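**Student:** If you scroll down you'll find the structure; I have some questions about it.
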Amino acid sequence: FHGIISREQADEILAGVEGAYILRESQRQPGCYTLALRFGNQTLNYRLFYDGKHFVGEKRFESIHDLVTDGLITLYIETKASEYISKMTTNPIYEHIGYATLLREKVSRRLSRTKNESRKASVTSEENTPVEKISSLVRRAALTQNDNHFNYEKAHNFKVHTFRGPHWCEYCANFMWGLIAQGVRCSDCGLNVHKQCSKYVPNDCQPDLKRIKRVYCCDLTTLVKAHNTQRPMVVDSCIREIEARGLKSEGLYRVSGFTEHIEDVKMAFDRDGDKADISANMYPDINIIAGALKLYFRDLPIPVITYDTYSKFIDAAKISNPDERLEAIHEVLMLLPAAHYETLRYLMIHLKKVTLHEKENFMNAENLGIVFGPTLMRPPEDSTLATLNDMRYQKLIVQILIENEDVLF
C-alpha cells in the first residue's frame, strides 16, 4: 500500500515490471482505494472494494494476491485469444455430444416405460356445450396433445461456481479459465458452462433428484421434472387422500388443521417424497392434509398462477361481459408454463368435486375462491395495498375456474 499517490506516480513505480501491482488511495476521492496493475506494458487502474472480501468486479477474493492472479489470467486469455473467444459460441458441441445426447437418451428410456396423461380434457361434442358463444373456446381447449411431461420447458438455474482443477465448458467444449468463479453451474442438473455460453443454452434442464433437496419451496417445474411426473406428487397424494375420505367434511379447506401436524406432513414429503405416509392412521383429521396442500401452494417460489400472468388474469376478471371474460381467462391460461397449467387443471377438477358435496361440506365455488385466490396467485410486487385491492378478483378468478373447469381446461 503506497498511500495517497497519483496515477503518474503509480505508473513510475510499476514501470517495466509485468504483473506487478500496488494499492493506493485516490487523490480525487480520499477514502477510496485503487488497484494499479501492470499488464501489456501499461498500468491499469481499478476501483477496489471490500465487503468482507476484495473485489473490482463480480468475483470476490479472500486476498488481493488472489484477485490479481485471477485478473492476470483473465487479461492474458482475453488479450491473446479475443478473436477465438468471440467465436466460441458459434459452433457449440452442445447439440451433438455431452449433455444434450445424455438428455435424449434419458428421455427415450423414460418414454419406453411411461405412458403420458392428457394435458387438456378431451371434448367429445361441442353441441352439448351449454353456452353457444364459447363453442370456439371449447374447440381450442381440445388442441392437439402437447402433454409429454418430459418436454416441459425449464430454464437452467445457473449460479457462479468455482471449479477445482481444469474444467471445460459443456456448451462450447473450451477451457474455463480463471482462479475462481471460472463459470456457472446449473444447481438443478449440474450442467457446467462459461457465463457467456449460458446465454445460448436451450431451456432443456433435466433436474437430477440428487440435487433437489426438498419438495416444499421448490420451483414447480423443477420438482415435476426431477420426479418424472406431470404434477407435483404432493398435489396428487393430498388430493387422493382428501377425495377418499374428506369430500363431505364440513368446512373443507376453510377449517384449519393443527399447524404442528401440517408441518409434520411437510417434513414427511421433504424427507420421503411420494412415499410419505399421510393416511388416516397417521393423520385422522383431513384438515391437516388440506392444510398441507394449501401450504405447498403458498410456499411455491413462483405461484401456480405465475407472476408473469398475474396482471392478465386480474384484467380478465374485470371484464363485465361473462362470455368475453371467460374467453379472456382461457387466453391467459394458455400462457401458463405446462407444469403450472397441468397442476391448476388437476386442482380445479378436484375443487369442482368438492362443490358437488356442498350440502355436506358447505363449500361452494365462491367459498373456495376466497380460500384459494391468495394461495394460487400473488402480485409480482410485494405490496399490501395491491393485494387488498386485488383480493376480490383473485377470488373471482378461482371461482370461474372451478365453475367452468370442463370448458376452460
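**Student:** Only residues in region 324-353 that are in contact (Cβ under 8 Å) with a residue 24 or more places away in the chain and under 27 Å from L252 (Cα atoms) count as the first member; pair them with residues that are assigned to a helix (DSSP H, G or I) and among the polar types (S, T, N, Q), Cβ under 7 angstrom, at least 6 apart or cross-chain, and list the lot.
**Tutor:** Pairs found: A339/T221.
**Student:** Scan region 14-28 for residues that are modelled with pLDDT of 90 or more, out of contact with any helix residue (DSSP H, G or I) (no Cβ under 7 Å at 6 or more places or on another chain) and surrounded by 17 or more Cβ atoms within 10 Å (Cβ to Cβ) and report the count.
**Tutor:** Residues that pass the stated criteria total 1.
**Student:** Oh, and also: Which numbered condition trips up D11, out of (1) open to solvent by less than 90 Å² (accessible area, probe 1.4 Å); (2) of a type in the set (D, E); (3) modelled with pLDDT under 90?
**Tutor:** In the conditions (1) open to solvent by less than 90 Å² (accessible area, probe 1.4 Å); (2) of a type in the set (D, E); (3) modelled with pLDDT under 90, D11 misses (3) alone.
**Student:** Right, another one. Would you check which residues across region 244-286 are farther than 24 Å from K213 by Cα, open to solvent by less than 60 Å² (accessible area, probe 1.4 Å) and touching a residue at least 40 places away in the same chain (Cβ under 8 Å) and list them?
**Tutor:** If the condition is that a residue be farther than 24 Å from K213 by Cα, open to solvent by less than 60 Å² (accessible area, probe 1.4 Å) and touching a residue at least 40 places away in the same chain (Cβ under 8 Å), then G246, L247, S249, G251, L252, Y253, I286 are the ones that fit.
**Student:** While we're here: If you check L23, L44, which single one turns out to be more than 18 Å from L179 (Cα to Cα), touching a residue at least 40 places away in the same chain (Cβ under 8 Å) and within 47 Å of the chain's Cα centre (by Cα)? Lay out the reasoning, then the answer.
**Tutor:** Working: L44 fails: touching a residue at least 40 places away in the same chain (Cβ under 8 Å).
L23 is the lone residue from the list that is more than 18 Å from L179 (Cα to Cα), touching a residue at least 40 places away in the same chain (Cβ under 8 Å) and within 47 Å of the chain's Cα centre (by Cα).
**Student:** Restricting to region 190-206, give me the number of residues that are open to solvent by 20 Å² or more (accessible area, probe 1.4 Å) and more than 26 Å from E62 (Cα to Cα).
**Tutor:** Adding up the residues that qualify gives 6.
Yes/no matrix, rows are residues, columns are (1) surrounded by fewer than 19 Cβ atoms within 10 Å (Cβ to Cβ); (2) under 25 Å from M233 (Cα atoms):
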{"residue": "P303", "(1), (2)": "no, yes"}
{"residue": "F313", "(1), (2)": "no, no"}
{"residue": "I329", "(1), (2)": "no, no"}
{"residue": "L335", "(1), (2)": "yes, yes"}
{"residue": "I349", "(1), (2)": "yes, yes"}
{"residue": "L356", "(1), (2)": "yes, yes"}
{"residue": "A365", "(1), (2)": "no, yes"}
{"residue": "A386", "(1), (2)": "yes, no"}
{"residue": "L396", "(1), (2)": "no, no"}
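**Student:** I would also like to ask the following. May I ask you to say which residue of A328, A338 is at pLDDT 95 or above, at negative phi and among the small types (G, A, S)?
**Tutor:** Values: A338 fails: at pLDDT 95 or above.
Answer to the check: A328.
**Student:** Only one of (1) free of Cβ contacts under 8 Å to residues at least 24 places away in the same chain; (2) more than 16 Å from the chain's Cα centre (by Cα); (3) open to solvent by 10 Å² or more (accessible area, probe 1.4 Å) fails for L209. Which number is that?
**Tutor:** (2)
**Student:** Considering each of I286, I305 in turn, give the residue that is among the β-branched types (V, I, T) and in contact with a strand residue (DSSP E or B) (Cβ under 7 Å, 6 or more places away or on another chain). Explain how you work it out, then say what you get.
**Tutor:** Details: I286 fails: in contact with a strand residue (DSSP E or B) (Cβ under 7 Å, 6 or more places away or on another chain).
One residue alone meets the criteria, I305.
**Student:** Restricting attention to region 212-235, which residues are in contact (Cβ under 8 Å) with a residue 60 or more places away in the chain, part of a helix (DSSP H, G or I) and of a type outside the set (A, V, I, L, M)?
**Tutor:** If the condition is that a residue be in contact (Cβ under 8 Å) with a residue 60 or more places away in the chain, part of a helix (DSSP H, G or I) and of a type outside the set (A, V, I, L, M), then T221, T222, K225 are the ones that fit.
**Student:** Considering only region 176-189, I want to know if a residue exists there that is touching a residue at least 40 places away in the same chain (Cβ under 8 Å), out of contact with any Lys or Arg (no Cβ under 9 Å at 6 or more places or on another chain), open to solvent by less than 60 Å² (accessible area, probe 1.4 Å) and not hydroxyl-bearing (S, T, Y).
**Tutor:** yes
**Student:** Scan region 367-384 for residues that are of a type in the set (D, E, K, R) and either under 17 Å from I329 (Cα atoms) or buried (at least 22 other Cβ atoms within 10 Å of the Cβ) (or both) and jot them down. Spell out how you get there, then give the answer.
**Tutor:** As a first pass, look at region 367-384 and keep what is of a type in the set (D, E, K, R): 378, 381-382.
Hit for region 367-384 is R378, nothing else.
The values are calculated or read from the model by the stated rules, or taken from the named source; none is laboratory data. Computed from a predicted structure; not experimentally measured. As a convention, Cβ positions derive from the backbone with ideal geometry for all residues, glycine included, and neighbour counts pool all protein chains shown. For accessibility, only protein heavy atoms count, side chains too; no ligands or nucleic acids. Shrake-Rupley method; radii C 1.70, N 1.55, O 1.52, S 1.80 Å.
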